[in-house]
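Where a number appears in this text, it was derived from the coordinates with a stated rule and is not lab data. This one's a predicted model, so the numbers in the text were calculated from it and none came from an experiment. Neighbour counts run over all protein chains shown; Cβ positions are idealised from the backbone, glycine included.
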Amino acid sequence: MENTIFSFGDIVKVLLPIASDGYDYIIPENIEVSVGDFVKVPLRNKYEIGVVLKKNDEPLSYDISKVKSIFSKVKNYKLSVSQIEFIKKVADYNLTNVGNILKMVMGFDELFDTVIPRKKKIEYNPTYVSPKLSDEQKNATEILSSKLDKGFSVTLLDGITGSGKTEVYFNVINEALKKSESQVLIMLPEISLTGQFLSKFQERFGILPVLWHSSVTKAQRRDNWKAVMNGDAKVIVGTRSSLFLPYKNLSLIVLDEEHDGSYKQEDGVIYQGRDMAVLKASVDKIPIILASATPSIETINNVNIGKYGIVKLTSRFGVAVMPEVDLIDMRQNQPVKESWGKSWLSSVLVKQIEEKLLNKEQVMLYINRRGYAPLVLCSECGNRLQCPHCNVYLTAHSKDDTKCCCHHCGYSRRLPKVCEKCGKEDTWVLVGPGIERIEEEVKNRFPNAKIETISSDIITSQTRLNEIIRKISASEVDIIIGTQILVKGHHFPNLTLVGVVDGDMSFSSSDLRANENTFQLLTQVSGRAGRDVKKGKVVIQTYNPDNSVMQAIKNNDRDSFVKQELKDRKDALMPPFTKLAAFILSSKNKQALENFCYVLKQKMPVGIDGIQTYGPIDSPLSYLKNNYRKRFLIVVDRKIHIQDILKKWLSMVIIPSSVKLKVDIDPYNFM
């Protein structure tokens with residue numbers, strides 16, 4: 001079908017990058033097209049560029065005179081049949097219009113501007129550096145390389161932190177690139193990981209890969225997109241959106257930190273990037289490597305049932321060993337109030353920091369909370385400063401000249417002089433620690449230390465982040481204070497102590513993955529310590545040291561944690577033993593939302609074996625960005641195609657224009 005030529009008088013379905021499944025157009029004289037060709041077509045009062053999807057041989061339900069003509073063919077641009085199949089399958093799986101997926105493929109409006117591409121073909125020298133591998137790494141490389149050119153396969157590269165997973169898959173990539181036409185995609189969960197990663201890549205291959213993420217300029221994105229399409233881009237490193245680039249000859253996908261929640265897209269089309277990467281590999285009939293030190297429960301279960309293969313790295317590379325983990329019971333080690341104010345670091349952790357600084361070693365303090373304090377409270381009446389656009393409390397930023405912000409909608413205001421509820425002045429109390437408050441304490445305790453504080457509020461450019469990471473790697477920083485932005489993938493040779501300020505924070509989530517996320521996060525944080533010659537130490541402050549998750553982290557016992565988590569999920573009939581989907585409904589009109597939820601509930605599939613439906617309920621964030629929000633949840637047996645159930649359910653109702661409905665297959669965020 002790919003090479004079938006459609007010509008004058010044929011009616012073809014053209015897919016456009018809008019919320020639709022395509023429109024019919026007739027081919028005029030002097031134009032010939034085939035499936036995958038980009039064409040310019042009239043739509044309402046302007047022209048749009050779309051892709052030829054298929055020939056429409058079915059009888060028209062309207063007069064042929066109403067069918068508009070294709071205006072022109074866009075030369076030198078074409079999607080492969082497998083790319084179109086992938087677009088369709090992503091749309092079908094996530095219950096969205098095919099055009100919404102094409103929009104992600106096309107990326108941006110300036111894509112087809114007539115500009116001479118600046119991106120030249122990059123040639124890789126596979127012998128640039130020949131790294132020394134351990135026997136375990138060599139074995140892993142051989143197994144993974146044997147999957148190349150053998151069709152579709154999924155293999156988990158399961159290696160403890162610091163075991164050298166990157167070097168293993170670099171060597172597999174090297175094997176893939178020996179075929180001159182091959183392209184390789186390396187997916188990373190966040191932009192923040194690209195700096196050190198690119199340095200590693202350049203050391204190995206002598207050249208930089210093509211990049212694809214939100215910080216790449218429009219001109220670079222245009223050039224890189226075209227280089228991917230024509231095959232000049234051989235290795236592409238990108239975040240989840242890189243999956244939708246128009247690859248000419250993709251031969252391998254590597255998805256690093258496969259467990260990471262950042263692969264889940266929550267805005268626009270909701271999708272799980274890891275699962276769509278596996279789908280892409282299946283459609284293209286190529287191998288995919290999922291790499292992680294803390295694999296997701298879903299991936300581990302797929303290994304257990306034989307759906308995925310596995311290769312293990314059980315030792316840290318070289319002389320490095322796993323760090324010792326201490327749990328500090330904060331019930332017995334309450335920080336005392338100091339001259340500058342309330343303290344959040346226990347005396348045990350403070351003493352450990354002092355020792356490391358004396359030895360000229362580096363310390364990292366981790367707290368996953370932006371700002372200065374998460375809550376602003378009136379000490380007279382208990383009034384809490386709240387966002388007027390969302391039902392969340394405002395976070396205080398900077399103690400002096402305090403600015404209060406909503407981390408959901410961006411609203412901000414200065415701290416008012418007077419409490420708006422009781423009318424008293426100067427009664428505000430800043431409750432709890434954020435990263436800025438920890439920074440304040442560290443600067444007071446260790447005035448001579450060189451300190452860098454890293455969070456998305458403070459570090460607003462990739463260039464600045466890369467410079468800080470360079471300084472840390474060069475031991476130009478003594479104490480690093482960071483949020484999640486710093487805990488993944490980074491290698492700091494002189495970092496020997498990691499202190500977790502609040503180890504219990506993730507447990508407060510209502511997410512079914514709360515335990516899993518806590519285990520993964522704290523294991524990854526711990527993995528930053530002692531990755532070189534010097535042994536590492538991890539100190540986790542917790543009010544619940546006997547918790548099974550904490551004990552599993554302390555004892556480096558992932559197997560017992562996974563076994564218990566799988567049992568708990570199975571007993572509760574939760575993924576990976578069932579499939580979940582959510583409807584998230586929102587409207588500025590509260591009554592319209594409630595009315596439609598009532599209608600939707602009347603059509604809810606009930607009394608069917610293997611299907612459980614719940615809702616509607618208010619979302620935990622029931623008012624967000626001036627919209628009221630409600631949720632439905634559906635749980636089905638793994639054997640049931642959940643999309644069919646949802647399609648049938650939605651076909652029975654008409655969604656009013658005042659209500660927005662989003663479908664979330666495999667929800668991660670229950671807010």
*asked:* Using a Cα-Cα cut-off of under 19 Å, which lysines could be cross-linked to residue 563, ignoring same-chain neighbours fewer than 8 residues away?
replied: 307, 312, 554
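Using the Cα gyration tensor of the stretch 199-287, with a ≥ b ≥ c the square roots of its eigenvalues, what is the shape: rounded (a/c below 1.5), prolate (a/b larger than b/c) or oblate (neither)?
Numbers: a/c = 1.37, a/b = 1.29, b/c = 1.06.
Rounded.
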*Helix 165-176 versus the longest principal axis of the chain: what is the Cα-based angle in degrees, 0 to 90, to the nearest 10?*
20 degrees
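If you take the Cα Rg of the stretch 135-313 and divide it by 2.2 N^0.38 Å, with N the number of residues, what do you get? Kindly include the intermediate steps, with their values, before the conclusion.
Working: Rg = 15.2 Å, N = 179, 2.2 N^0.38 = 15.8 Å.
That ratio works out to 0.96.
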*Please label the shape of the stretch 231-338 as rounded, prolate or oblate, based on the square roots a ≥ b ≥ c of the eigenvalues of the alpha-carbon gyration tensor (a/c under 1.5 means rounded; beyond that, a/b larger than b/c means prolate, else oblate).*
prolate
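Would you work out if the stretch 578-665 is rounded, prolate or oblate? Take a ≥ b ≥ c from the square roots of the eigenvalues of the alpha-carbon gyration tensor; rounded if a/c is under 1.5, else prolate when a/b is larger than b/c, oblate otherwise. Could the numbers behind the result be given before it?
Details: a/c = 2.23, a/b = 1.73, b/c = 1.29.
Prolate, since a/c reaches 1.5 and a/b exceeds b/c.
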_Size of charge dipole - the stretch 441-504 - debye, nearest 20, with Cβ of Lys, Arg +1 and Asp, Glu -1, no other charges_ = 220 debye
*Report, in degrees rounded to the nearest 10, the 0 to 90 angle that the Cα long axis of helix 514-526 makes with the longest principal axis of the chain.*
70 degrees
*asked:* Which three extents, in angstrom, do the Cα atoms of the chain have along their principal axes, listed largest first?
replied: 84, 67, 52
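Rank the residues 649, 225 as a footprinting-exposure proxy: fewest other Cβ atoms within 10 Å of their Cβ go first.
On the way: 649 17, 225 23.
Ascending number of Cβ neighbours within 10 Å: 649, 225.
Between residue 241 and residue 660, what length in nm is gained on full extension when 0.36 nm per residue of separation is reduced by their alpha carbon distance? Intermediate values should be presented prior to the final figure.
Working: separation 419, 0.36 × 419 = 150.84 nm, distance 2.39 nm.
Here the segment from residue 241 to residue 660 would lengthen by 148.4 nm.
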_Potential extension, residue 563-residue 8 segment - 0.36 nm per residue separation minus Cα distance_ = 193.5 nm
*By how many nm would the segment from residue 20 to residue 592 lengthen if fully extended, with 0.36 nm per residue of separation less the alpha-carbon distance?*
203.4 nm
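Could you give the dipole magnitude of the stretch 348-502 about its Cα centre, charging the beta-carbon of Lys and Arg +1 and that of Asp and Glu -1, in debye to the nearest 20? It would help to have the intermediate numbers written out before the result.
Numbers: 21 positive and 19 negative charges, 56 e Å.
I would put it at about 260 debye.
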*asked:* Along the charge dipole of the chain, pointing to its positive end and built from +1/-1 on Cβ of Lys, Arg, Asp and Glu, which listed residue (352, 573, 466) has its Cα farthest out?
replied: 466
_Residues of the stretch 89-108 with amide N under 15 Å of a point placed 7 Å along Cα→Cβ from residue 641_ = 89-96
*Taking the simple approach of a point 7 Å from Cα along Cα-to-Cβ for both residue 285 and residue 75, what is their distance in nm?*
3.3 nm
*What FRET efficiency, computed as 1/(1 + (r/R0)^6) with R0 = 45 Å and r the Cβ-Cβ distance, is obtained for residue 445 and residue 312, rounded to the nearest 0.05?*
0.60
*Mind giving me the FRET efficiency for residue 135 and residue 249? R0 is 35 Å, r the Cβ-Cβ distance, nearest 0.05 is fine.*
0.60
*For the chain, just give the cysteines left without a disulfide-compatible partner, judged by no other Cys Cβ under 4.7 Å.*
404, 405, 409, 597
*Modelled label-to-label distance, residue 431 and residue 669, 7 Å Cα→beta-carbon offset: nm?*
2.5 nm
*For the pair residue 47 and residue 574, how long in nm is the line joining their label points, each one 7 Å along Cα→Cβ?*
5.4 nm
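Holding the Cα-Cα limit at 20 Å, pick out from 73/285; 88/280; 89/570 the pairs that are longer than that. Don't skip to the end; give the middle numbers.
Working: 73/285 30 Å; 88/280 11 Å; 89/570 28 Å.
Those over the limit are 73/285; 89/570.
Using just the helices of the chain, give the 222 nm mean residue ellipticity in deg cm²/dmol: DSSP H runs with n ≥ 4 each add -39,500 (n - 2.57), and the total is spread over all residues, rounded to 500. Let's see the in-between values first.
Working: 16 runs with 183 residues, N = 671.
My calculation for the chain gives -8500 deg cm²/dmol from helical runs alone.
Among the listed pairs 248/660; 132/534; 13/579; 234/360; 179/535; 342/417, which are separated by more than 31 Å between their Cα atoms?
Values: 248/660 37 Å; 132/534 21 Å; 13/579 33 Å; 234/360 42 Å; 179/535 42 Å; 342/417 22 Å.
As for pairs spanning more than 31 Å Cα to Cα, those are 248/660; 13/579; 234/360; 179/535.
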